[in-house]
Amino acid sequence: MPAIFSEKDIQSQLRDLAQEIASDIVAADLPHSQELLGTFVSALALAVADQTRRAERRQKQAEGIAAAKANGVRFGRPARPLPENFEEVHREWRRGQMTLAEAADICGLPQATFYSMAARRERAGSCAG
């Protein structure tokens, strides 16, 4: 289970990490240590900006999806139409006159699709068993 940190803990860790990185860069006594430190700060700023853009994009996407759903847009693959013989085959299957495999085969459907259609119809109360 991942550890849960408070905002205060995270801020403290970030300060410590920044100090450690800055110390390591300065301690390396490289001729361009100030430039490396500037590069680090720039990279950090760009990472924050990218993260903000991603969060904004996700928010806009969620708002767009919610608006589309509110307008009745249906997402996903279109539902397969019920076969003409579905009601009769479904009743016989529910009465135990045939197996699920037989019922699905008669309707020309995979078993999972037949079962899903049957369950959906039963939940809607539109198909007597």
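The values are calculated or read from the model by the stated rules, or taken from the named source; none is laboratory data. It should be emphasised that the depicted structure is a prediction, and the values quoted were computed from it without experimental measurement. All Cβ positions, even for glycine, are placed from backbone atoms using ideal geometry, and neighbour counts span all protein chains on display. What goes into the accessible areas is simple: the full protein's heavy atoms, side chains included, and nothing from ligands, DNA or RNA. Shrake-Rupley method; radii C 1.70, N 1.55, O 1.52, S 1.80 Å.
Restricting attention to region 64-111, the residues that are open to solvent by 70 Å² or more (accessible area, probe 1.4 Å), of a type in the set (A, V, I, L, M, F, W, C) and either outside any loop (DSSP other than H, G, I, E, B) or in contact (Cβ under 8 Å) with a residue 60 or more places away in the chain (or both) total 2. Is it true that ALA55 is under 17 Å from the mean Cα position of the chain (by Cα) and of a type outside the set (Phe, Trp, Tyr)? Considered against the rule, which asks whether it is under 17 Å from the mean Cα position of the chain (by Cα) and of a type outside the set (Phe, Trp, Tyr), ALA55 comes out as yes.
Here ALA28 fits the description: of a type outside the set (Ser, Thr, Tyr), open to solvent by less than 80 Å² (accessible area, probe 1.4 Å) and more than 40 Å from the chain's Cα centre (by Cα). Among the residues examined, ARG15 qualifies as among the charged types (D, E, K, R), out of contact with any Phe, Trp or Tyr (no Cβ under 6 Å at 6 or more places or on another chain), assigned to a helix (DSSP H, G or I) and loosely packed, with under 11 Cβ neighbours inside 10 Å. Identify the residue in region 114-129 that is exposed (fewer than 14 other Cβ atoms within 10 Å of the Cβ) and over 30 Å from GLY64 (Cβ atoms) and, among all such residues, is nearest to the chain's Cα centre (by Cα). If we take residues in region 114-129 being exposed (fewer than 14 other Cβ atoms within 10 Å of the Cβ) and over 30 Å from GLY64 (Cβ atoms), then ALA119 is nearest to the chain's Cα centre (by Cα). Out of the residues in region 1-12 that are open to solvent by less than 90 Å² (accessible area, probe 1.4 Å) and among the aliphatic types (A, V, I, L, M), which is modelled with the highest pLDDT? Among residues in region 1-12 that are open to solvent by less than 90 Å² (accessible area, probe 1.4 Å) and among the aliphatic types (A, V, I, L, M), the one modelled with the highest pLDDT is ILE10.
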